[in-house]
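Trainee: Got a structure here, written out as structure tokens. Questions coming.
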Amino acid sequence: GFPPQDRDYHTYTEMVAELGTAVAEHPGLAVQSSAGSSAMGRDIPVLKISDNVTADENEPEVLFTCNQHAREHLTTEMCLHIVQRYTDGYASDPAIAEMVDTREIWIVPMVNPDGSVHDVSGVTYRGWRRNRESTPTDLNRNWGHKWGCCGGSSGDPNASTYRGPAPFSAPETSAIRDFTDSRVIDGEQQITAHIDFHTFSELVLWPYGYTENNTAPGMTREEYDRFARTGRAMAATNGYTPQQSSDLYVTDGSVNDWMWAEHDILSFTFEMYPASGGIEGFYPPDEVIPRETARNDAAVSILLREAGRV
Ligand code: 0X9
Ligand code: CA
Ligand code: CA
Ligand code: CA
Ligand code: ZN
């Protein structure tokens, strides 16, 4: 688990317990389900938050995913913070209640549970990024849109950005793909907006990642402008830097490209605190968790509101 000085971070077991507590305390607002299993057989829990939560209502759906990359533990705390804000905050905050009543919010706090557990299973942090298949895959290079197309991933099984042998070869990416596909009802994708949380660099990123061009097949000028406008509006609230993801560096097989190209989901990556650093940037002290998760409250609210615009 986490060392004593970082005990406020949640291990996999503690994350599962936290979701159980949220459901127990708010049975009318939260239900837990499963997206599937990791390579080592761990469950990948999904929490849904809404009014009349056991019913599939005709409300815009929004997805938050965290911890694709094992060592990016602050992102799990971000997803758990969203869980708490939209459950515990329901009774006292009318703005929260309005969003819970008019949206269906899906939260996956640990997309990569095996990697996350592995990263904290030694005497010191392991600096692990990928999943825990026998040949580990970088999950954020394993998505199926333009997989491996453009030099934005590695075909070398030893590389930290190894894309895997085929698109969606990793159980974790195929689980989130299947969950997302399952939200297509009567031919219409119900999820309209998504944030995949990472660390670090304090960035708001939008697709495409595989090309440096702004427009490309499936991305019109108007659509690009909506990404840029929404991304900049969110970044104005948290002080992050907004940019197209390929302005940082080109990636192929990343989650945002697939979510947008396959499902027209307004899909962003947030790179959380800190702004810069070396390997220690992945391990901010647990004292910063409250500040650095609440820092994204307004941005999350903006995305939820934007999710209701067609
Ligand atoms: O490389 C990644 O997967 C993300 N950065 S991280 O340091 N958390 O690994 C960034 C993905 C965003 N996409 C592009 N930069 N194209
Ligand atoms: Ca501490
Ligand atoms: Ca509802
Ligand atoms: Ca619905
Ligand atoms: Zn990452």
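Trainee: Determine the pairs where a residue that is under 24 Å from ASP252 (Cβ atoms), located within segment 166-193, has a partner that is among the acidic types (Asp, Glu) and part of a strand (DSSP E or B) with Cβ atoms under 8 Å apart, the partner being 6 or more residues away or on another chain.
Mentor: Here the result reads ILE191/GLU61, each pair linking segment 166-193 to a residue that is among the acidic types (Asp, Glu) and part of a strand (DSSP E or B).
Trainee: Further question on the same structure: Would you call THR87 surrounded by fewer than 24 Cβ atoms within 10 Å (Cβ to Cβ) and of a type outside the set (Asp, Glu)?
Mentor: Considered against the rule, which asks whether it is surrounded by fewer than 24 Cβ atoms within 10 Å (Cβ to Cβ) and of a type outside the set (Asp, Glu), THR87 comes out as yes.
Trainee: Based on what the data block shows, is THR87 closer than 23 Å to GLU61 by Cβ, touching a His at 6+ places or on another chain (Cβ under 8 Å) and within 16 Å of ligand 3 (Cβ to nearest atom)?
Mentor: Here the answer is yes, as THR87 does meet what is asked.
Trainee: Can ALA97 be described as in a loop (DSSP other than H, G, I, E, B), free of Cβ contacts under 8 Å to residues at least 40 places away in the same chain, surrounded by fewer than 24 Cβ atoms within 10 Å (Cβ to Cβ) and among the aliphatic types (A, V, I, L, M)?
Mentor: Considered against the rule, which asks whether it is in a loop (DSSP other than H, G, I, E, B), free of Cβ contacts under 8 Å to residues at least 40 places away in the same chain, surrounded by fewer than 24 Cβ atoms within 10 Å (Cβ to Cβ) and among the aliphatic types (A, V, I, L, M), ALA97 comes out as no.
Trainee: Considering segment 150-191 alone, what residues qualify as being surrounded by fewer than 14 Cβ atoms within 10 Å (Cβ to Cβ), in a helix (DSSP H, G or I) and away from ligand 4 (no atom under 16 Å from the Cβ)?
Mentor: ASP178
Trainee: To continue, here is another question. It is to be established whether one or more residues within segment 116-138 are surrounded by fewer than 16 Cβ atoms within 10 Å (Cβ to Cβ), of a type in the set (Lys, Arg) and either within 16 Å of ligand 2 (Cβ to nearest atom) or not in a helix (DSSP H, G or I) (or both).
Mentor: Checked against the condition, which is being surrounded by fewer than 16 Cβ atoms within 10 Å (Cβ to Cβ), of a type in the set (Lys, Arg) and either within 16 Å of ligand 2 (Cβ to nearest atom) or not in a helix (DSSP H, G or I) (or both), segment 116-138 yields at least one hit.
Trainee: Go through segment 44-56 and give me each residue that's in a loop (DSSP other than H, G, I, E, B) and surrounded by 15 or more Cβ atoms within 10 Å (Cβ to Cβ).
Mentor: SER50, ASP51, VAL53, listed by residue number.
Trainee: Pairs needed: first member in segment 1-15, in a loop (DSSP other than H, G, I, E, B); second member anywhere, of a type in the set (Gly, Ala, Ser) and more than 16 Å from ligand 1 (Cβ to nearest atom); C-beta distance under 6 Å; at least 6 residues apart or different chains.
Mentor: What qualifies is THR11/GLY1.
Trainee: Let me ask something additional. I need the full set of residues from segment 65-110 which are among the small types (Gly, Ala, Ser) and more than 16 Å from ligand 1 (Cβ to nearest atom), in order please.
Mentor: Passing the criteria: GLY89, ALA91, SER92, ALA95, ALA97.
Trainee: Condition (residue is away from ligand 4 (no atom under 16 Å from the Cβ) and under 18 Å from the mean Cα position of the chain (by Cα)) applied to segment 216-226: is it met by at least one residue?
Mentor: no
Trainee: For segment 200-222, name all the residues that are polar (S, T, N, Q) and closer than 18 Å to ALA235 by Cα.
Mentor: Of everything in segment 200-222, just one residue is polar (S, T, N, Q) and closer than 18 Å to ALA235 by Cα, namely SER201.
Trainee: Another question, if that's okay. Only one of GLY41, GLY28 is over 24 Å from ALA97 (Cβ atoms) and in a loop (DSSP other than H, G, I, E, B); which?
Mentor: After ruling out the rest, the residue left standing is GLY41.
Trainee: Further question: Checking HIS194 against (1) under 19 Å from the mean Cα position of the chain (by Cα); (2) surrounded by 15 or more Cβ atoms within 10 Å (Cβ to Cβ); (3) not in a strand (DSSP E or B), only one condition comes out false. Which one?
Mentor: (3)
Trainee: Scan segment 114-123 and tell me whether some residue there is farther than 30 Å from PRO285 by Cα, within 19 Å of the chain's Cα centre (by Cα) and at pLDDT 95 or above.
Mentor: Scanning segment 114-123, I find no residue that is farther than 30 Å from PRO285 by Cα, within 19 Å of the chain's Cα centre (by Cα) and at pLDDT 95 or above, so the answer is no.
Trainee: Would you please name the residue that is farthest from ligand 2 (Cβ to nearest atom), looking only at residues in segment 245-264 that are of a type in the set (Val, Ile, Thr) and crowded, with 24+ Cβ neighbours inside 10 Å?
Mentor: THR251
Trainee: Report every pair of residues separated by at least 6 positions or lying on different chains whose Cβ atoms are under 6 Å apart, first residue within segment 47-63 and farther than 16 Å from ALA35 by Cβ, second of a type outside the set (Val, Ile, Thr) and within 10 Å of ligand 4 (Cβ to nearest atom).
Mentor: Correct list of pairs: SER50/GLU104; GLU59/ARG103; GLU59/GLU104; PRO60/ARG103.
The values are calculated or read from the model by the stated rules, or taken from the named source; none is laboratory data. Predicted model only: the values in this text are computed from it and were never measured. A quick note on method: Cβ atoms are made from the backbone with ideal geometry, for glycine too, and the neighbour counts reach across all protein chains shown.
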